[in-house]
1. Using Cα-Cα distances under 8 Å and only pairs 6 or more residues apart, what relative contact order does segment 48-112 have, in percent?
2. Give me a comma-separated list of calculated 3J(HN,Hα) values for segment 80-91, in order, Karplus coefficients 6.51, -1.76, 1.60 applied at θ = phi - 60°, integers in Hz, x for any Gly or Pro.
3. If I compute solvent accessible area with a 1.4 Å probe over the protein chains, what percent of it on the chain is carbon and sulfur?
4. Taking R0 as 30 Å, what FRET efficiency do you get between ARG4 and ARG170 from their Cβ-Cβ distance, rounded to the nearest 0.05?
5. Along the charge dipole of the chain, which of MET144, GLY26, LEU47 sits closest to the positive end, that is, farthest toward it, with unit charges on the beta carbon of Lys, Arg, Asp and Glu (+1, +1, -1, -1)?
6. Which percent, nearest 5, of DSSP beta bridges in the chain are antiparallel?
7. In the Gaussian network model of the chain, springs joining C-alpha atoms below 10 Å, which of CYS147, CYS127, CYS69 carries the largest mean-square fluctuation?
8. How do VAL163, VAL68 rank by accessible surface area computed with a 1.4 Å probe, from largest to smallest?
Amino acid sequence: MKIRTPRLTLRPLSGADLPTAYAYAGDLENTRFMMFLPDADEAETALHLAQAEEQWRMDNPERYEFAVCVEGMHIGCVTLYMQEDRSEAELGWVLHKAHWRKGYVTEAALAVIEFARSLGVKRIFACCDSENVASYKTMEKLGMQLCGKGTRTNRSMGEELRVELVYDIRYE
């Protein structure tokens with residue numbers, strides 16, 4: 001499966017993406033505000049990629065992990081995490097820092113939102129650390145609205161309790 005946008009190709013994330021995936025998933029600066037990143041080593045990234053490939057082979061995956069590619073180069077990932085009844089899904093993303101501030105996440109996320117709607121998803125939500133201005137501004141560009149706040153920890157920041165923002169968009 002491939003999704004094409006004016007500048008991007010979204011395709012299933014795979015084990016072949018290990019070097020480029022680890023370049024963003026293992027980078028502390030790149031993943032500063034992420035809950036479950038950075039990956040400790042390439043082996044952790046390889047495990048994640050193997051799990052992503054396994055999900056793509058399922059009839060009804062629990063998550064759809066799309067590699068974001070520009071001119072064939074893998075630069076990040078947008079993931080749709082399906083909730084149990086499949087009427088709701090969480091949207092997440094990570095992009096290599098060399099490609100920040102070019103609108104790629106917004107473009108890719110809009111395409112994944114349309115894919116989610118084709119699956120019958122009625123509510124899409126996304127979460128971010130309250131200090132991750134780029135992420136919550138992207139959520140707003142996607143048409144999402146702030147719907148809640150909570151607390152969380154970020155792997156890169158240890159046990160420090162952080163404020164989490166939750167945004168969503170609903171479709172009828």
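1. Dividing the mean separation by the residue count of segment 48-112 yields 22 percent.
2. Using θ = phi - 60°, the values come out as 10, 9, 6, 7, 3, 8, 6, 8, 10, 8, 9, 10 Hz.
3. On the chain, the fraction of accessible area on carbon and sulfur atoms equals 51 percent.
4. Efficiency, from the Cβ-Cβ distance: 0.65.
5. MET144
6. Bridges in the chain are about 90 percent antiparallel.
7. CYS147
8. In descending accessible area the options line up as VAL163, VAL68.
The values are calculated or read from the model by the stated rules, or taken from the named source; none is laboratory data. Because the structure is a prediction, the values reported are computed rather than measured. Cβ coordinates were reconstructed from backbone atoms using ideal geometry, including for glycine residues, and neighbour counts include every protein chain displayed. The protein model used for the area step is the full one, side chains on, heavy atoms only, and it has no ligands, DNA or RNA in it. Shrake-Rupley method; radii C 1.70, N 1.55, O 1.52, S 1.80 Å.
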